[in-house]
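The values are calculated or read from the model by the stated rules, or taken from the named source; none is laboratory data. Quick caveat, the model's predicted, so the values are computed rather than measured. With ideal geometry, Cβ positions are generated from the backbone for all residues, glycine too; neighbour counts draw on all protein chains shown.
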């Protein structure tokens, strides 16, 4: 029997509820015109969004889950919040580029619905490719997929209407070049920033703590050596000198609790050595 986790059931229910809400909203927004086309396009959209979640979210949060920083449940919650927030807040410019910045179909004499069919075919092609890639565990780009789908479907329409020679002219290759350059620049820039961040963290946090730990270990060894040194020095003292040292230790122990006491007032050898040792420890900024 197939077991479904509570998290999977929750997100599946959420997806279904949001999809139904969008369908009812869309039918009202379009005044029930081309309802069948709208429903099919909505199914393609939901299919695409599902595959984006399965591939792009895994790309974004796979490192966090793999490093143990976030659990799978936490990653899904964070991804759901920020993916939707990013689409709502900053997705408009990208949508405009996808909608009208990749191909120029103004030179074609086509019905408005032909543009709809181009976008629907591109959406389905990209979604199917993402499904295959996700199923095989390949981290691919949604942008590559949808841009390729739009270019391919537009060229196919151009071939049907005007022939193969003018079909390639429909594509705004300078825009494709800008988009393609981002595919190269993005990983390079990400690698450079990641290298700089990790180098900073390693230098000022990881390595710093390691060096401080080494100094603290050395300090503890020095303290033991200091104790042995003082014990040998104390053992070599004559009885009157020991008595004087003991009295000085008692006086120092009482005096250091006074408000106006300064370390220069230590009289015993023991407390002078202990103070010097503590001063070295305070210089270790651990």
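Here are a few things to note about the model shown:
- Screening residue 140 on (1) at pLDDT 80 or above; (2) surrounded by 12 or more Cβ atoms within 10 Å (Cβ to Cβ); (3) in a helix (DSSP H, G or I) shows it passes everything except condition (3).
- The set of residues from the range 247-265 being more than 19 Å from residue 276 (Cα to Cα) and not in a loop (DSSP other than H, G, I, E, B) comprises just one member, 247.
- The sole residue among 241, 245, 211 that is under 26 Å from residue 281 (Cβ atoms), free of Cβ contacts under 8 Å to residues at least 24 places away in the same chain and not assigned by TED's automatic domain parsing to the domain that holds residue 148 is 211.
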